[in-house]
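Some notes on the structure that comes next.
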Amino acid sequence: MAASASAVPLTTEVATSENSSSFYDYEYYLDQVAFMLCRKDEVHSFGKVFLPVFYSLVFVLGLGGNLLLLVVLLRYMPRRPMTEVYLLNLAMSNLLFVVTLPFWGISVVWHWVFGNFLCKMVSTLYTTNLYSGIFFISCMSLDKYLEVVHAQPHHRLRTRAKRWHLTAMVWVAALAVSIPEMVFVQTHEHPLGVWSCYPDFGGHATIWKLVFRFQQNLLGFLLPLLVMLFFYSRIGSVLVRMKTPGQGRALRITVALVLAFFVLWFPYNLTLFLHSLMDLSVFGDCRISQRLDYALQVTESVAFLHCCFTPILYAFSSRRFRHYLKALLATTLGRHQAPGPAQAPLSSCSENSSLTAQEEVTGMNDLGERQTEDAPNKRDVGKSEA
């Protein structure tokens, strides 16, 4: 839970229990009392309807889409290129993320009925896979940058050993970020017989909430966005210089990948940042607090859509994946395809021979593959001329 609001979707704690001074300013004290008495009944009622419906939608779409992606990758890509390895781990991360949503949905409608162990487990899964999904998207942009810009299929960061090392590092980093969930999150009974699952920071709640929110802003949005902007801007400049028939589509895919990440994650991170400013007493009153609670529920739910849309954008930017998906659907539906183009997805040689010249440059992945294949040929021509 990046900002603790995920574990307790209906409430946003605005009062702080820590104060190192023994003397209080009376007017400040009255303001704090008024702030603590701010009622959130309407916010709670809205969340009890909106959140379970949205969580159910994301769960169904995310589960179906990522399972399909996993099946295609595991069945038709036994010798997976590096980008497909990242895509495979992204699909696994998204699946683990969406399975936590029914728990939160039930806790919103009723209360946390799953006990303390599942409270810690589900919270850890949520945070680990939230960050790992974002990190794998960044890794995919790095890999595509090396493939298109440098045209080096055997770059030291693209070897079989390195790709698994990077994959392991992503999982370790995401797990390290979720350690506070294991430590602080636990069940709480209030009122009697009603349980909730959220972090207990003792007398330092405000400080820890600020830390987690800025962590989400930095690691979960700002740094990945800068990484994507740098790599994809370089990719875009190379695609413009290549002047191939598929340049326009590849550029649109590049822009779509960055825009999808920004549109899904910016509103949520902006809301978290405004919550932090309110906790720091930069601004805020009861009405603003209520509006930010509404905004947090909506923007966080919209951000969850990343596990549904992002894999689709990446997968369908690859010509190989589209043909593998067609083969899977044909097999599932029981269609018997004739040999030749129908068997193209199973081998790169038959695929290249059966596709038209226009199809060979239909996406960013295809242009990267073509750029990679052309590099050795250019070196061979140079040697023969010498």
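Residue 119 meets each of the listed conditions (1) in contact with a helix residue (DSSP H, G or I) (Cβ under 8 Å, 6 or more places away or on another chain); (2) touching a residue at least 60 places away in the same chain (Cβ under 8 Å) apart from (1). Quick check on the stretch 150-166. Is at least one of its residues β-branched (Val, Ile, Thr), assigned to a helix (DSSP H, G or I) and either at negative phi or buried (at least 20 other Cβ atoms within 10 Å of the Cβ) (or both)? No, the stretch 150-166 contains no residue that is β-branched (Val, Ile, Thr), assigned to a helix (DSSP H, G or I) and either at negative phi or buried (at least 20 other Cβ atoms within 10 Å of the Cβ) (or both). Looking across the stretch 158-186, just one residue is of a type in the set (S, T, N, Q), at pLDDT 85 or above and farther than 30 Å from residue 205 by Cβ, and that is 167.
When 194, 211 are checked against the criterion of being surrounded by fewer than 18 Cβ atoms within 10 Å (Cβ to Cβ), in contact (Cβ under 8 Å) with a residue 12 or more places away in the chain and under 25 Å from residue 117 (Cα atoms), 194 stands alone in meeting it. Restricted to the stretch 256-300, and to residues there that are part of a helix (DSSP H, G or I) and among the acidic types (Asp, Glu), the residue that is surrounded by the most Cβ atoms within 10 Å (Cβ to Cβ) is 293.
If you go through the stretch 303-330 and keep only what is at pLDDT 80 or above and either touching an Asp or Glu at 6+ places or on another chain (Cβ under 9 Å) or not in a helix (DSSP H, G or I) (or both), you end up with 304, 305, 323.
Picking from residues in the stretch 264-295 that are closer than 23 Å to residue 96 by Cβ and aliphatic (A, V, I, L, M), the one that is nearest to the chain's Cα centre (by Cα) is 264. Looking at 53, 58, just one residue is β-branched (Val, Ile, Thr) and either over 17 Å from the mean Cα position of the chain (by Cα) or on the phi > 0 side of the Ramachandran plot (or both), and that residue is 53. Surrounded by 18 or more Cβ atoms within 10 Å (Cβ to Cβ), in a helix (DSSP H, G or I) and touching a strand residue (DSSP E or B) at 6+ places or on another chain (Cβ under 7 Å) - does that describe any residue in the stretch 95-114? Checked the stretch 95-114: at least one residue is surrounded by 18 or more Cβ atoms within 10 Å (Cβ to Cβ), in a helix (DSSP H, G or I) and touching a strand residue (DSSP E or B) at 6+ places or on another chain (Cβ under 7 Å). Among the conditions (1) under 20 Å from the mean Cα position of the chain (by Cα); (2) closer than 14 Å to residue 125 by Cα, the only one that residue 182 does not satisfy is (1).
The values are calculated or read from the model by the stated rules, or taken from the named source; none is laboratory data. Treat the numbers as computed from the prediction; the structure is a model and nothing was measured. In this analysis, Cβ positions are derived from the backbone assuming ideal geometry, glycine residues included, and neighbour counts consider all displayed protein chains.
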